[in-house]
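Undergrad: Please see the structure below; I have some questions.
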Amino acid sequence: MWNGLVGVAKETNTASLGEGVVQRPLMMPLVRGELVGLVWVRPLKVGQDALAGIAELANIAAAAGADEVVLAWETHDVATACELPIVGAAPCLNMVVATRDGHVLHRFPYSEQLLSRSPKGWASVAFDWRPAPAPQPGGELAPPIQAAVNFSFTPIELDHPDPFDVTVVLMEEDGYRIGLTEAFAR
């Protein structure tokens, strides 16, 4: 399963950068080893909104009763959006695997090469995945990523017969992009 999730994150990152944009932070919650779906953060404003928006990715995991989550984000993008210092390699795709008992940080650094620029200023880049350092059990996470990990395992208390479905609807209305697997689709 892990290799598949890494593959999805890398392919999405590659495609996004090839179009001149950075992949938004992505959460992949799992329940008993089964993928719930993919949740991309909503459009964010720099600062407090970005901090909150990334942390709110946890809502789907919490509503689903996830026992494991995987988050993927780009170092520079999250630091810039949240007005935080860059920690770790940049550019770098980061992935964290977390359970209630802890987390392991995986870093996938890459290098970029500008291929072209469109008349509207969009950059087309090629990049090369660099050797990944060893996974870091308990590795330092950016504050909004750490918050998303922590809140993923905090039960959501909604007075509704189906808190998962209502959470999905509310998050989609807020602009989060959610793709549920067949087992969890409404």
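Undergrad: Which of 61, 8, 28 sits farthest toward the positive end of the charge dipole of segment 1-160, with +1 on the Cβ of Lys and Arg and -1 on the Cβ of Asp and Glu?
TA: The residue sitting most towards the positive pole is 8.
Undergrad: Follow-up. On the first, second and third principal axes, largest extent first, how far apart are the outermost C-alpha atoms of segment 30-134 in Å?
TA: Extents along the principal axes: 46, 33, 26 Å.
Undergrad: With charges only on Cβ, +1 for K and R and -1 for D and E, what is the dipole size of segment 125-186 about its Cα centre, in debye, rounded to 20?
TA: Its charge dipole is roughly 380 debye.
Undergrad: Among 87, 39, 22, which one shows the biggest mean-square fluctuation in a GNM of the chain, springs joining Cα atoms closer than 10 Å?
TA: Looking only at 87, 39, 22, the biggest GNM fluctuation is shown by 87.
Undergrad: Find, among the trypsin sites (Lys or Arg not before Pro) in segment 1-98, those assigned to loop by DSSP (not H, G, I, E, B) with at most 10 other beta-carbon atoms within 10 angstrom.
TA: Qualifying residues, ordered by number: 32, 45.
Undergrad: Turning to a different aspect of this structure: Just subtract the alpha-carbon distance of residue 159 and residue 129 from 0.36 nm times their residue separation and send over the number in nm, one decimal.
TA: Here the segment from residue 159 to residue 129 would lengthen by 6.2 nm.
Undergrad: Might you tell me the accessible area per residue for segment 1-152, computed with a 1.4 Å probe and given in Å²?
TA: 47 Å²
Undergrad: Hey, can you grab everything whose amide H is under 5 Å from the amide H of residue 84? Only 5+ residues off in sequence or another chain; H modelled, so Pro and N-termini drop out.
TA: none
Undergrad: Pop out the carbon and sulfur fraction of the accessible area of segment 64-186 as a percent, whole number, probe 1.4 Å.
TA: Result for segment 64-186: 54 percent of the exposed heavy-atom area is carbon or sulfur.
Undergrad: On alpha carbon coordinates alone, what is the Rg over Rh value for segment 101-169, Rh being the Kirkwood radius?
TA: 1.20
Undergrad: Then there's this: Under a GNM of the chain (C-alpha, springs under 10 Å), which listed residue has the highest mean-square fluctuation: 58, 148, 89?
TA: Between 58, 148, 89, it is 89 that shows the largest mean-square fluctuation.
Undergrad: With runs of 4+ DSSP H residues as the only contributors, calculate the mean residue ellipticity of the chain at 222 nm using -39,500 (n - 2.57) per run, divided by the residue total and rounded to the nearest 500.
TA: For the chain, the value works out to -9500 deg cm²/dmol.
Undergrad: Is segment 54-114 best put as rounded, prolate or oblate by its Cα gyration tensor, with a ≥ b ≥ c the root eigenvalues, rounded for a/c under 1.5, and otherwise prolate when a/b is larger than b/c, oblate when not?
TA: Prolate.
Undergrad: Taking Cα centroids, how far is segment 126-166 from segment 1-15 in Å?
TA: Taking the Cα centre of each part, segment 126-166 and segment 1-15 sit 16 Å apart.
Undergrad: Check residue 130: other-chain or 5+ apart residues with amide H under 5 Å from its amide H, H built from backbone geometry?
TA: 110, 111
Undergrad: Further question: Can you give the charge dipole size of segment 1-93 about its Cα centre, rounded to the nearest 20 debye, using +1 on the beta carbon of Lys and Arg and -1 on the beta carbon of Asp and Glu?
TA: With only Lys, Arg, Asp and Glu charged at Cβ, the dipole is about 60 debye.
Undergrad: Pick from 114, 51, 26: which residue has the top mean-square fluctuation in a GNM of the chain where Cα pairs under 10 Å get a spring?
TA: Residue with maximal mean-square fluctuation among 114, 51, 26: 114.
Undergrad: Please state the shape class of segment 1-91: rounded when a/c is under 1.5, otherwise prolate if a/b exceeds b/c and oblate if not, all from the C-alpha gyration tensor.
TA: oblate
Undergrad: In segment 125-179, with Lys and Arg counted as +1 and Asp and Glu as -1 at Cβ, which of these residues, 150, 139, 164, has the Cα nearest the positive end of the dipole, that is, farthest along it?
TA: The Cα lying farthest towards the positive end belongs to 139.
Undergrad: Classify segment 72-186 as rounded, prolate or oblate from the Cα gyration tensor: take a ≥ b ≥ c as the square roots of its eigenvalues, call it rounded if a/c is under 1.5, otherwise prolate when a/b beats b/c and oblate if not.
TA: Note, shape of segment 72-186 comes out oblate.
Undergrad: So how strong a dipole does the chain carry about its Cα centre when Lys and Arg Cβ are +1 and Asp and Glu Cβ are -1, to the nearest 20 debye?
TA: Here the chain has a charge dipole of around 640 debye.
The values are calculated or read from the model by the stated rules, or taken from the named source; none is laboratory data. Being a predicted model, the structure only gives us computed values, none of them experimental. Note: ideal-geometry Cβ built from the backbone for every residue, glycine included; neighbour counts use all protein chains shown. In case anyone asks, the SASA skips ligands and DNA or RNA and just uses the protein heavy atoms, side chains included. Shrake-Rupley method; radii C 1.70, N 1.55, O 1.52, S 1.80 Å.
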